[in-house]
1. With all protein chains present, calculate the accessible area of A:F363 using a 1.4 Å probe and round the result to the nearest 10 Å².
2. Which entries of A:K106/A:K236; A:K111/A:K167; A:K111/A:K186; A:K185/B:K2 have Cα-Cα distances beyond 24 Å here?
3. For peptide A:309-322, what's the mean number of Cβ atoms from other chains within 10 Å of each residue's Cβ?
4. Aspartates and glutamates within cross-link reach of A:K74: Cα-Cα under 14 Å, excluding same-chain residues under 8 positions apart?
5. Could you tell me how far the Cα centroid of the stretch A:157-205 sits from the Cα centroid of the stretch A:46-75, in Å?
6. Quick check on the protein assembly as shown: of the DSSP beta bridges with both residues there, what percent are antiparallel, nearest 5%?
7. What full-extension length gain, to one decimal in nm, is calculated for A:R72 and A:R254 as 0.36 nm per residue of separation minus the Cα-Cα distance?
8. Taking the alpha-carbon distance from A:K107 and a cut-off under 12 Å, which aspartates and glutamates remain once sequence neighbours fewer than 8 residues away in the same chain are dropped?
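The values are calculated or read from the model by the stated rules, or taken from the named source; none is laboratory data. Just so we're clear, the structure is a prediction, and the values are computed from it rather than from any experiment. Cβ placement follows ideal geometry from the backbone for every residue including glycine, while neighbour counts extend to all protein chains displayed. The area values use the complete protein model at the heavy-atom level, side chains included, leaving out ligands, DNA and RNA. Shrake-Rupley method; radii C 1.70, N 1.55, O 1.52, S 1.80 Å.
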Amino acid sequence: MHFGELGIYAVLFLALYFEVFLFITFLERKPAGKTADRPARFPTVSIIVPCFNEEKTLAATMRSLFALDYPREKLSIVIVDDGSTDGTLKVAESFCGHEQVSIISKKNGGKYTALNLAIERCTSELVGCLDADSLAAPDALLEIVKKFEEDQEVMAVMPSIRVYNPKNPLELMQAVEYTFGIFYKKMFDTLSAISVLPGPLSIYRRSSFETTGMFRHAHNTEDMEMAFRMHAHHLKIANAHTAIAYTHVPRTLRALVKQRTRWSQGFLDNSKDYAYMYFNPRYGYLGLLVLPFALAMFVGSLYITGYLLVHGVRSISIRIIDFWFEGIPLHMPTIRFDWYDIDTNALLFVSCIMLFMTLAGVFLGRRFAGEGVSNKALFFYFLLYGFVAPLWLASAAWGSLRSKGAVWR
Amino acid sequence: MKYIDWKKYVLALCITVAIFVTAFFLANHFNNARIADVRATENQIAIDLLSNETQYELLSEQSCSDIAEGSVLSDALNSLVSRLSYAEENLGSKNAEVIMLKKQYSLLEIKDYLLMQKVAARCGTRPVSIIYFYSNSGSCANCSREGDVLTYLRETYPLLRVYSFDYDLDLSALKTLINIRNVRGDLPALIVNGTTYYGFKDVGEVEKLILHVEKLKVATSTSEQS
């Protein structure tokens, strides 16, 4: 075994350790399923819908909010048009007569400014956000409110997020990734280590902003930074896995890489800002497990990609050059169906176990969310993810090293 | 400070280590199975060779057509060489088991070569064979490429017999062969039709050295059709 291969084993060891840790956590405390119970009290809730050029999806988002199983008089919806240049404001104004809806139009300043403006004007007990490209399941808010009721110390709750109507291979790939994420987020919740409060239906106690302050630009990842800041103030974040929010995901590779570069670079840049949390027992499993492993996996994934790329290119080049000089015409290698030809080294077995654990994570995520992902989606996930993910990881690492901010769109 | 269950960290570590140990154990188990497979193939070849020699003696007064020129070994030896090189790659060329298997393989090759020479002398046939000397010691930069060329030729011309020998293998029969043929250490070295050639030879060059390459082609297509 040479040095480069040792690195691969080290990355796989860390990844496996992390997965094993999460599965032990799952076995220790299995999440309860959905119940028909209703909250004893319905607190007032404001849901902010920040929009920037969302004319195509805003109406559906609004319809999902109107369909929420929640007392109307307790729920208000604030659409904030953040200086859209398309017909978003017109779509928003079509809901003007609705008693629950209020509309704010402002000059473009970024999502965090839209959220802050609306939060300042809200007086409700709970304040949340629903991105204008996302939809809430009818009982999602109810499930989230139950979570706040269960534990009065909980200051923010995030739902399970699923991909809305995935169709093309990239969307199907992301559907599996999000389902796997449902399992991850629930385990992070059990460990009190949720590291992001995503845009689709994360709800806060309004009082939490008095402690943390308002949203910041935060390298275009204000939802991640807010979670970091809440941990910095030792405020509790929970996951209501039975609350489902659906989101539209990028349909093209270019859009996907751009979105994920923003997320990944946001993670790296926020990690620099909150570096003191790393390996700090004051921040529990967030500081001693989730953040260090997330960073290690970021670096490790890039290492494995680089290793495979260098070896792949080198061996293909050598083969081509050799073929050229050996005088062997290019031909398909002879394929023999013999067990002897299967490379049964330790890497194969470790990879199989990793694959099995990934499938188990997807299966559990599917069970938590109560909805499945198709075999076709699984096929595209295993086919594409290994090729696509390194693109945004490399792009984010490069951007972060150059201290160049990632863009929204 | 938040509650941290340190035991869980240790438990996760133990399970991960156990998984890795199992993976290495399984890999080792399959490598041993490979060795056993090579040994079984070698034993089979040894029996086949003995049978061939006996058949040769029994049929000495009968027609040469009863003795197949291709003998039993070409397919078996070809399969064995790829398995042996895989074992060598995975277990290392210095592994005692691999060295032992290579010695046995080299002996079988020499025996097959001698038997074919005897058949050729008696029956007037002209088996096309190449004796190839290589080295794994690192001193032969072109050995791997020459190996590719010979593998390609062997796949292209099934009747071509390639006997490959590790020049550095400590085997008295092989040393004798090297001495008789007067092979120097300038590897790779090829013996074709009794003449020794040194240095890398590409596909075209080796094909030129083989006298009956056209005949081999005909034989190949005939054998493919049948």
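1. 110
2. Values: A:K106/A:K236 32 Å; A:K111/A:K167 28 Å; A:K111/A:K186 26 Å; A:K185/B:K2 19 Å.
Among A:K106/A:K236; A:K111/A:K167; A:K111/A:K186; A:K185/B:K2, the Cα-Cα distance tops 24 Å for A:K106/A:K236; A:K111/A:K167; A:K111/A:K186.
3. Values: counts 0, 0, 0, 0, 0, 0, 0, 0, 0, 2, 1, 0, 1, 5.
Other-chain Cβ atoms within 10 Å of each residue's Cβ, averaged: 1.
4. Within reach: A:E99, A:E125.
5. 19
6. About 35 percent, rounded to the nearest 5.
7. Gain on stretching A:R72 to A:R254: 61.5 nm.
8. The reachable aspartates and glutamates, counting only those whose Cα sits under 12 Å from A:K107, are A:D81, A:D82.
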